[in-house]
Structures are given as C-alpha cells and as structure tokens.
Amino acid sequence: MNSGIRRSGIVFVILVAACGLFASGSVADEGHGGHSSMSGPVPSWTAMQAVGETLAKVYDFKPFSPAQPNHLWMKASDNYATFLHFNKPFSKKGAKLVFVGDAVKGRFCSEDQPDGGKTGFVHFHRAVTSAGVMGHGGKPGTDGWWLRHVAVRHAPMKNPKTMKKMIVKPGLAMMFMPTKAPACSSSGKGPLLPLPE
C-alpha cells in the first residue's frame, strides 16, 4: 500500500476521533458575537477526509536520525515543529494517537530548555543517535529538540525507563520522561560557553 495513502488514513481516523470528542462539549466563547458555546454541526465525512489528506501531506518532516516509527512530524520553521505520537509504529494495524505536541530545536543545556520546562518542554531528544538507541538526553550541548507532549486520551504506555505499564491522562504531560538538562555555561545562567569540537 502507498505510504502516503496509509498515512492519510491514519491522520483521517485521528481527526474523526478528535471531532467526536470535541463536538459533544461546549467551550466558553468570549468575543465571538456573544455566543456562550462553540457547539455546532459535526463536520462531514468528506470534510474530515480532506483534512486528513491535507495533514498527511505536511506531516512528512524527519527531525531525527534514525526516524521515530511512532511519530509523524510537521516542520513549521527551522526551529519549531509539531508532532503526532502514536502508541506503536503508525504503520502497524491498531496504532492509536496518544499525544499531540510541539518541539523547539535546541541543545541539551538548561539554558536552551524553553521556559526551564515550566510550560511542558520537559523531554529532550537527540537529533542523531545510533540505531536502536532511545536518544533521550545526552552529553551537555548535544543538538536535538525539546518536546512538549499533550495527551489526547487515557492510554496505557510502557515507561521506557522502567518498562512498567503506566496510564497517561488527557492534558499537558509535565512528567513525560523528563530529561534534566545540565548547565552548559560556567554559571548555569548566562551565555553558553563554546563546547569542544
């Protein structure tokens, strides 16, 4: 099967599920004509299919080497990307979306961690790793991406550190595999020191 079509189908299923979750709820709506909620008709199958196909075309970025088989990535700029994180490789039957998120390019340094992790950027992933290596954290100054995960469902996952089952809950995942970054400057607060080549 064509990987573009397979990816389109996966994204389409994700969007249908998301619309089902959000169509039933109401959200406070200030400044939009005085309406008290944003409820409305559920998007049509054709509209959702078009959204899925559109997203499948742009979630083609590969920020890591080797690529992560359970993530789809979209590059927004040279230093910012968004992702969809599945419970298993997205090419496998039954793969389910567990997280959506965003990432900021940086180094494994506390000075590069967005907002010191207070806004959810708690997980660092190296840009390049050896095959079979997880790629979390690294040596001070290693290039990579700071990730922020937002769970979209209750779902079981294996904790990669302990290999024990854990349940994630919808919302900002402040404890998604935090990687404590080292200070790369002499004080831990100022400009970064040049790192050895």
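Rule-based calculations on the coordinates, nothing more; no lab input. As the structure is a computational prediction, the values presented were derived from the model and not from experiment. So basically every Cβ, Gly included, is an ideal-geometry build from the backbone, and we count neighbours across all protein chains shown.
Within straight-line reach of residue 105, meaning a Cα separation under 21 Å, sit the following lysines at least 8 residues removed in sequence or on another chain: 62, 75, 118, 139, 180, 189. Treating r as the C-beta distance of residue 118 and residue 46 and R0 as 35 Å, the FRET efficiency rounds to 0.25.
Taking a Cβ cut-off of under 12 Å around residue 85, the surrounding Lys, Arg, Asp and Glu residues balance to a net charge of +3, with basic ones at +1 and acidic ones at -1. If R0 is 25 Å, what FRET efficiency do you get for residue 162 and residue 105 from their C-beta distance, rounded to 0.05? Plugging the Cβ-Cβ distance into 1/(1 + (r/R0)^6) gives 0.30. Cβ crowding within 10 Å, taken as a proxy for footprinting-reagent exposure, orders 172, 147, 55, 72 from fewest neighbours to most as 172, 55, 72, 147. Taking a Cβ cut-off of under 13 Å around residue 64, the surrounding Lys, Arg, Asp and Glu residues balance to a net charge of +3, with basic ones at +1 and acidic ones at -1.
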